[in-house]
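Worksheet for the structure shown next.
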Amino acid sequence: MIRLAASAVAASLTSACALVPAIGPSPVSAPAVAPAPVPVPADPGGPRWIEPPSQNARVVVPITPPQDSRPSASVEVRLLDAHNAERRRVGAPPLVWSADLEVEARVWARELMATRRFAHDPRPHGHGENLWTGWGDRVWTPEEMVEDWTRQRTDYRPGVFPNVSRTGNWTAVGHYTQLIWSGTTHVGCAIEAREGQQLLACRYSPPGNVDGRRP
């Protein structure tokens, strides 16, 4: 089995995980060469890779605050609980589920499955985004999917974004910092499956990974 994760840090993101400038109207250009995929240790399920996020900066765009909702299924409850367990561990306030963000995430997840792509939504939706996908003859649990993001805590160091990684590269912890970002209040996620592949998409509001701010 293979697992991939891609973090989209964006106010309009993510075409693979974007750095959001706190101030300034002009996006910062991305490096000419994207970083290579970062291998992570294999487990009995097989090898996994983390998809490195794009370092394209995006301007924070005004968005309508999401409405509080209740998860409508047990899988959604488990996804929310997995997020909040790690946030509780680091002292961040719990996230509230948003049905609007869930719908947004599901639309994009279905588009990715239908087109056989794995990339962040380039449209200016104004939210943060984390993506995960896995292939194989097994079913991944919601907790295992989110745990692939939280494993990035081993390289995380508290600081002002983007100086939040022991590796010197914030993209090594971009999923994790979005997940624990204290200014994010709402999340909505969707899981889609097709022909041996599972895909998880989560949207966050307000978005995390904002340049010049602390997670």
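List of remarks:
- Nonlocal amide H pairs with VAL96, under 5 Å, H built at 1.01 Å: HIS186, VAL187
- Two-site FRET efficiency, ARG213 against ASN169, from Cβ-Cβ distance with R₀ of 22 Å, rounded to 0.05: 0.75
- Total charge dipole magnitude, region 131-215, about the Cα centre, Cβ charges on Lys, Arg, Asp, Glu only, Debye to nearest 20: 440 debye
- Spin-label model, ASP137 to VAL90: label points 7 Å out along the Cα-to-beta-carbon direction sit 3.8 nm apart.
- GluC sites (Glu not before Pro) within region 133-213: DSSP coil, no more than 14 neighbouring Cβ in 10 Å: GLU195
- Between ALA73 and ARG194, the modelled label-to-label distance comes to 1.6 nm, taking each label 7 Å out from Cα in the direction of the beta carbon.
- Whole-percent carbon and sulfur share, accessible surface of region 91-130, 1.4 Å: 63 percent
- Cα shape, region 77-142, gyration tensor, a/c 1.5 rule: oblate
- Phi-based couplings in Hz for region 104-116 (Karplus 6.51, -1.76, 1.60; Gly and Pro marked x): 4, 5, 5, 4, 6, 4, 5, 5, 5, 5, 5, 9, 6
The values are calculated or read from the model by the stated rules, or taken from the named source; none is laboratory data. Just so we're clear, the structure is a prediction, and the values are computed from it rather than from any experiment. Please note: Cβ atoms are built from the backbone with ideal geometry, for glycine as well, and neighbour counts cover all protein chains shown. Surface accessibility is based on the protein's heavy atoms, side chains included, excluding ligands, DNA and RNA. Shrake-Rupley method; radii C 1.70, N 1.55, O 1.52, S 1.80 Å.
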